[in-house]
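To start, the structure itself, in structure tokens.
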Amino acid sequence: MGTERGPARKAANGEDSIYWDASKNRYIGAISLGYTAAGKRNRPKVSGTTKTEVRRKLRELKKELEAGAKAPANYTVKQAVEDWLVQGLKGKASTSIDTYLSLATTHIYAELGTVKLRQLEADDVDEWLDGRAKVLASTSLRLVLSILRRSISHAQRRGKAVRNVADVVEAPEGKPGRPSKSLSLEQGEAVLRAKEGSWIHAYVVLSLLVGTRPEETRPLTWSHVHTGSTGGRKPHVDVWRSVRNHGDTKTQKSRRSLAMPRQVAVVMDAYRARQQAEVKAVGGEWLRDGLVFPTDDGQLRTALNVRRNFRALLKEAGFGQPADWTTRELRTSFVSLLSDHGLSIEVIARIVGHSGSSTTERVYRKQLRPVIAEGAEAMDEIFGGTGSRAPAPPETP
């Protein structure tokens, strides 16, 4: 598709113009409405892959404009985002809302927050995104644009906005993200020996040898940890934790039970016994549905708290740059070690809870190796007893 020239003359007020934007690889349609009170050209825009699509969108835009803008004159971008955060995220986990709020505060409010929503133009959003591309990775850039789009859509549904200019723009490429990495076998063995007897040691053992997600591990309760063999079932952990307040898991395969290697069952048994003794010593009551990895006052640990403790463990394990690692890379290492051991990508995908092997391959491409064996047995073979000097777990009564 060749580049087409824009109109030879400036469009008069209310007149349409359609032109090809090579940078976006799309046709752009605009209506010239003169100038705003601030002296800026007022040109509402739409976009599409064909001129026919753009003409249709321009007709729809004109109808909206003819119907009259219902948006309050002083309703700002910040107010729209704040309303969406309060009203548009019902049922979402507080951690997700906190993430959106943090991104909005840092990257939307500072640049666009005071702009009146009815005066916001696609060019404003493009300019804002270009500035953010210097400090944000591509994924984060797409997320902040999504927050803006969803906030304006929410305002539209409530009669506070006529059009969503954020739908016209595309997020540019951001700065290169930090590539994830994996522990080598030697590093894994050192990590499994560090800070033995502490909660972070148990956390790392479970994460590395079972492959649970950080958002599954932090809120895990003892009722979902089964260290004994019962009813013919091996020791296992139920990772059914929902990232949504209404109880559904992220995907159907997020709701899964994973067998625990013998050494994980041993470590978790010993850790639970220490936790029970500590609770009893202060006159408290240990609860079966209590958190496995709580803070000192029994609350859910934040991701930041876990990350700090994980890096302290890495320092004890002899890592020169512990700040270069994140807890999510324990899961990356789990995939890498299983793949090196010969487990097929299909089996790994099932264990880590992906909807298909294509997701596993895309996310963990650098960690995967060509093929063939199943999770818990493989980890027992890989680490061959590292950290498993305690006796085998007892039968569950």
Between L101 and D130, the two model label points (7 Å from Cα along the beta-carbon direction) sit apart by a distance in nm of 3.4
Residue among L89, H107, L143 farthest towards the positive dipole end of segment 77-167, charges placed on Cβ: L89
Once label points are set 7 Å from the Cα along Cα→Cβ at both S184 and K63, what is their separation, rounded to one decimal in nm? 6.5
I'd like the FRET efficiency for N74 and R158, computed as 1/(1 + (r/R0)^6) with the beta carbon distance as r and R0 of 22 Å, rounded to 0.05. 0.90
Cα centroid separation - segment 176-203 against segment 276-307, whole Å: 22
Between E196 and D123, what's the calculated FRET efficiency when r is the beta-carbon distance and R0 is 45 Å? Round to 0.05. 0.15
Given H placed on each backbone N at 1.01 Å, which residues far from R26 in sequence or on other chains put an amide H within less than 5 Å of it? D21
When the convex hull of the Cα atoms of segment 74-169 is projected onto a plane and the area is averaged over all directions, what value comes out in nm²? 5.7
Cα-projected label distance for L143 with A312, points at 7 Å along beta-carbon direction, nm: 2.6
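Values quoted throughout were computed directly from the atomic coordinates according to the rules given, and no laboratory measurement underlies them. As the structure is a prediction and not an experimental result, all values here were calculated from the model. Counting neighbours? That spans all protein chains shown, and the Cβs are built from the backbone with ideal geometry, glycine included.
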